[in-house]
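Read the structure below first, then the notes.
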Amino acid sequence: MTGIPGRTVVTEQFEAPHGTKAPSVELPAPPTELATAGVERLGWCGVALPTTTVLGRDVVLVAELLADAHAERICLGLGPETDRATVATWVWPEFAGRVPSVAARVSGVITVARHWRTGMACVAPFARYCDTAIVLPSSVILSHDYVANCLPRARAYGIAVVSADPDDGVDIDLPAQPDRLTGGEDAISRWVSEIAYDRILAASEAASE
């Protein structure tokens, strides 16, 4: 400290008192494994794709390939288009009937997090388009903060919560709302479906090698 009233300088040598640092929360299994198990437990249609950064958030897209549309795009030589600016023009009225068909249907977006706030920040932007869920360690589920703050927000956004326990596996702590309304297609949802389409084809190619 400087000793001057009203002015305080914290040096690099300053250390927080013992006991003030929050304990580290460990995941009971690798994130990919937990996300896949969560999707199976939720019963979502489609395949859990590798973790992808979308809208600046690391999430797992769950999608299924639309065979007829995929075949049509192969015939036309129209592969996945992941450039967001390009896809944004596809929803313009003047392009109606002139853009590629949707070849991948995104049924859900899930993420694995050590804290509910992080997980909710990741999936909340997608809640208007499809089912969303977060996978949390069971130790987080038992906290007062989770009950008092996470559950009301998750219910408000329709976000499902899956708990992951090292001994008991994954279980649904808060199911998604079955009658939840979703928005129609727009530039973002169309772009996300193209990303899913690209990831599905990449996973298929990797599996065939």
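The table for this structure:
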{"read-out": "Matching residues, segment 91-123, being modelled with pLDDT under 95 and either part of a helix (DSSP H, G or I) or closer than 16 Å to T51 by Cβ (or both)", "value": "V91, P93, E94, F95, R114"}
{"read-out": "Unmet criterion (only one of (1) over 17 Å from D131 (Cα atoms); (2) not in a loop (DSSP other than H, G, I, E, B)) for D167", "value": "(2)"}
{"read-out": "Selection count, segment 124-156, where residues are part of a helix (DSSP H, G or I), in contact (Cβ under 8 Å) with a residue 60 or more places away in the chain and within 14 Å of the chain's Cα centre (by Cα)", "value": "2"}
{"read-out": "Residue list for segment 183-209, restricted to those being within 23 Å of A124 (Cα to Cα), modelled with pLDDT under 95 and of a type in the set (S, T, N, Q)", "value": "none"}
{"read-out": "The lone exception for V59 - which of (1) in a helix (DSSP H, G or I); (2) under 17 Å from R105 (Cα atoms) it fails", "value": "(1)"}
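Here's the yes/no breakdown for (1) more than 24 Å from the chain's Cα centre (by Cα); (2) crowded, with 18+ Cβ neighbours inside 10 Å; (3) closer than 14 Å to A187 by Cβ:
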{"residue": "E72", "(1), (2), (3)": "yes, no, no"}
{"residue": "D83", "(1), (2), (3)": "no, no, yes"}
{"residue": "A88", "(1), (2), (3)": "no, no, yes"}
{"residue": "F95", "(1), (2), (3)": "yes, no, yes"}
{"residue": "G108", "(1), (2), (3)": "no, yes, no"}
{"residue": "R114", "(1), (2), (3)": "no, no, no"}
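The values are calculated or read from the model by the stated rules, or taken from the named source; none is laboratory data. Note that the structure is predicted; figures quoted are calculated from it, not measured. Cβ sites come from the backbone with ideal geometry, for glycine too, and all protein chains shown count toward neighbours.
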